[in-house]
Every structure is written in structure tokens, then in C-alpha cells.
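Here's the structure, in C-alpha cells; my notes come after.
Please treat every number below as a calculation from the coordinates, not as lab data. In this text the structure is predicted, and so the values were computed from the model without any measurement. Neighbour counts run over all protein chains shown; Cβ positions are idealised from the backbone, glycine included.
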Amino acid sequence: MKKVFLLFSVVVTLIVLLGTDIRRKKEPSAEKKPCYGYTIIEFGKGINCNGDTVRLMKVPGGGQQLASVD
């Protein structure tokens, strides 16, 4: 009886081990998106989406925009 129980438990263990999915899903690679715009951190300064500090200038109407490099 012990041999039958041992054989049954070995077969069940093998079925469980072979039935498990050990493959790992690949993480999707992040696509590089084009960089547009900026975030204002204080008057005259901002940060673009690459993390670089940019200079802003005042425009009529009370807004700010990127200063030209001319």
C-alpha cells in the first residue's frame, strides 16, 4: 500500500511540475516618443521633457514661451 501511495504522489508531483508555466513574459520596451513642450518651474525658467532647463520669455497676454536662440 505504501508503494502505491508513493507512486501516486510521485506521478502527481511530476504532473504538477510539468504543468507549471516557467516561461517569463518579456517586458514591452518603452518606445521613444518625440519631445514637445515644457513645464514651467518659475518665471523665465522651465524644464523640457528631456530634463533640460530652458529659458522662457514673456509674451503679450501674460504667457511665456521658449526664448529664441537667435
| task | Kindly indicate the residue of region 42-70 that is among the β-branched types (Val, Ile, Thr) and surrounded by 12 or more Cβ atoms within 10 Å (Cβ to Cβ) and also farthest from the chain's Cα centre (by Cα) among those meeting that condition. | result | Val54
| Looking at Lys32, is it within 24 Å of the chain's Cα centre (by Cα), under 30 Å from Leu66 (Cα atoms) and assigned to a loop (DSSP other than H, G, I, E, B)? | yes
| request: Please work out if Val12 is surrounded by 10 or more Cβ atoms within 10 Å (Cβ to Cβ), over 24 Å from the mean Cα position of the chain (by Cα) and at negative phi. | output: yes
